[in-house]
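**Q** Pasting a structure here, questions to come.
The values are calculated or read from the model by the stated rules, or taken from the named source; none is laboratory data. Not measured: the values here are computed from a predicted model. Counting neighbours? That spans all protein chains shown, and the Cβs are built from the backbone with ideal geometry, glycine included.
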Amino acid sequence: MKSLLKLKKIKGDASFREFFRNQEKNSIYVFSKKEKLKNLLIYDAINKILIKNKILAPNLLSENYLNHYIEIQDFGDQTLYEVLKNKKNNNYGIFKRIIKILNKIQLIKDKEIKNFKNKLYKLQEYKKKMLFNETKLFCDWYVPKILPKAKSIKFNKKFKSEIKKLLTKLNYKNDTFVHRDFHVSNLMYYNKKIALIDSQDALIGNKAYDLASLIDDVRLKTSEELKEKVFKFYLKTNKKIEIEKFKKDFEILSILRNLKIIGIFMRLAVRDDKKKYIKLIPYAWQMINHRIKKQNEFKNLMFLLKYNFPKFIG
């Protein structure tokens with residue numbers, strides 16, 4: 001890799017990637033020895049799809065896949081999280097701009113593109129089995145740290161059964177480009193425009209998923225009033241949506257996503273010694289508690305969580 005003396009290491013994320021800034025060239029070097037197929041090759045392929053559809057995403061400047069890195073366009077340090085976190089009531093105007101970006105993303109029809117190795121990359125489908133396995137991370141990492149072994153086994157069996165039932169209640173087909181981590185920490189404010197990063201996990205999935213990711217973002221605390229306003233603005237800009245069916249999918253996916261996030265954050269703390277993520281878990285619970293009261297379908301899951309984690313569900 002280019003001499004690290006000329007590059008400045010910058011703040012990373014929850015992945016196995018490392019990031020280095022070349023200030024002379026206005027570029028970022030993304031280094032990833034572990035999971036490099038996803039973090040380098042697929043990441044750039046997804047960016048190509050976004051750019052092709054006139055969505056601002058990092059251009060590839062150079063690649064050295066053999067030595068585990070790519071060089072991409074630098075969008076600076078200002079995420080929309082940084083823009084919004086100090087605003088007293090957050091900023092509905094910025095969220096309206098984000099929804100317009102999301103609408104553009106959801107119009108993407110491309111499902112395959114050639115990567116920088118000149119091979120075709122095809123987007124996978126976000127199947128129910130994948131959603132189930134992601135939610136199961138809650139059982140694998142969080143539950144064993146909180147409940148005694150015998151209670152954990154009993155809980156996990158009932159929990160998995162309830163999650164499978166919820167997945168059968170989803171209405172919308174997997175027919176939409178889903179970024180999968182569509183939240184304000186992955187949206188950059190660059191030259192007065194919004195750019196999208198961290199897109200390597202994109203799939204073809206449920207139309208409600210990215211909206212749930214944005215509105216019920218564990219990193220940025222927002223009021224219930226703002227959440228509702230952003231949700232209604234999305235509906236206003238998507239007239240063909242069947243509101244009740246979409247709302248049900250949104251709430252199911254929000255709960256499943258936040259259960260997954262609790263599992264992932266515990267895994268980051270335990271396995272990777274990234275303990276800063278632990279402090280975000282209570283807000284993930286808060287959003288689960290908020291959404292779980294919305295539908296009768298959640299009744300069994302609510303009682304199960306309330307019995308085992310009474311501190312968070314009430």
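**Q** Could you grab me the full set of residues in segment 282-302 that are touching a residue at least 40 places away in the same chain (Cβ under 8 Å) and either in a helix (DSSP H, G or I) or small (Gly, Ala, Ser) (or both)? Let's see the steps before the verdict.
**A** Let us first name the residues in segment 282-302 that are touching a residue at least 40 places away in the same chain (Cβ under 8 Å), namely 283-284, 287, 290-291, 294-295, 297-298, 300-301.
Those that are touching a residue at least 40 places away in the same chain (Cβ under 8 Å) and either in a helix (DSSP H, G or I) or small (Gly, Ala, Ser) (or both): 283, 284, 287, 290, 291, 297, 298, 300, 301.
**Q** I would also like to ask the following. Cβ-Cβ below 6 Å, separation at least six or inter-chain, first residue in segment 263-279 and under 12 Å from residue 142 (Cα atoms), second β-branched (Val, Ile, Thr) and in a helix (DSSP H, G or I): which pairs?
**A** Within 6 Å, the pairs are 265/281; 269/278.
**Q** With segment 1-97 as the region, which strands (runs of 3 or more DSSP E) entirely inside it contain at least 3 residues that are surrounded by 20 or more Cβ atoms within 10 Å (Cβ to Cβ) and either in contact (Cβ under 8 Å) with a residue 40 or more places away in the chain or among the hydroxyl-bearing types (Ser, Thr, Tyr) (or both)? Write out each step before concluding.
**A** Numbers: elements: 8-10, 18-22, 27-31, 60-64, 69-73.
Result: 27-31, 69-73.
**Q** Looking only at segment 194-206, decide whether some residue is modelled with pLDDT of 95 or more, surrounded by fewer than 16 Cβ atoms within 10 Å (Cβ to Cβ) and either hydroxyl-bearing (Ser, Thr, Tyr) or out of contact with any Pro (no Cβ under 6 Å at 6 or more places or on another chain) (or both).
**A** no
**Q** Restricting attention to segment 176-189, which residues are in contact (Cβ under 8 Å) with a residue 60 or more places away in the chain and among the hydrophobic types (A, V, I, L, M, F, W, C)?
**A** 177, 182, 184, 187, 188 - these are the residues of segment 176-189 that are in contact (Cβ under 8 Å) with a residue 60 or more places away in the chain and among the hydrophobic types (A, V, I, L, M, F, W, C).
**Q** Which residue, of 157, 192, 164, is out of contact with any Asp or Glu (no Cβ under 6 Å at 6 or more places or on another chain), free of Cβ contacts under 8 Å to residues at least 40 places away in the same chain, under 26 Å from residue 19 (Cα atoms) and of a type in the set (Lys, Arg)?
**A** 192 is the lone residue from the list that is out of contact with any Asp or Glu (no Cβ under 6 Å at 6 or more places or on another chain), free of Cβ contacts under 8 Å to residues at least 40 places away in the same chain, under 26 Å from residue 19 (Cα atoms) and of a type in the set (Lys, Arg).
**Q** Follow-up. Could you please give the count of residues in segment 231-261 that are without any contact (Cβ under 8 Å) to a residue 24 or more places away in the chain and of a type in the set (Asp, Glu)?
**A** Going through segment 231-261 one residue at a time, the tally reaches 1.
**Q** I've got another one for you. Take residue 225 and decide whether it is assigned to a helix (DSSP H, G or I) and over 22 Å from residue 170 (Cβ atoms). Quick ask: steps written out before the conclusion?
**A** Working: assigned to a helix (DSSP H, G or I): yes; over 22 Å from residue 170 (Cβ atoms): yes.
Spelling it out, residue 225 is indeed assigned to a helix (DSSP H, G or I) and over 22 Å from residue 170 (Cβ atoms).
**Q** Just to be sure before I move on: is residue 276 exposed (fewer than 14 other Cβ atoms within 10 Å of the Cβ) and either in a loop (DSSP other than H, G, I, E, B) or not aromatic (Phe, Trp, Tyr) (or both) in the structure I sent? Before the answer, list the steps.
**A** Details: exposed (fewer than 14 other Cβ atoms within 10 Å of the Cβ): yes; either in a loop (DSSP other than H, G, I, E, B) or not aromatic (Phe, Trp, Tyr) (or both): yes.
Against the criterion (exposed (fewer than 14 other Cβ atoms within 10 Å of the Cβ) and either in a loop (DSSP other than H, G, I, E, B) or not aromatic (Phe, Trp, Tyr) (or both)), residue 276 qualifies.
**Q** For residue 264, indicate whether it is in the same structural domain as residue 140 (by TED's automatic domain parsing) and of a type in the set (A, V, I, L, M, F, W, C).
**A** yes
**Q** Which fully enclosed helices (runs of 4 or more DSSP H) of segment 126-206 have 1 or more residues being in contact with a Leu (Cβ under 8 Å, 6 or more places away or on another chain) and either within 29 Å of residue 30 (Cβ to Cβ) or in the same structural domain as residue 302 (by TED's automatic domain parsing) (or both)?
**A** Answer list for segment 126-206: 128-135, 149-168.
**Q** Okay, moving on. Could you grab the pairs with beta carbons closer than 8 Å, sequence gap of 6+ or different chains, first residue in segment 209-228 and not assigned by TED's automatic domain parsing to the domain that holds residue 90 and buried (at least 16 other Cβ atoms within 10 Å of the Cβ), second one modelled with pLDDT under 95 and not acidic (Asp, Glu)?
**A** Within 8 Å, no pair qualifies.
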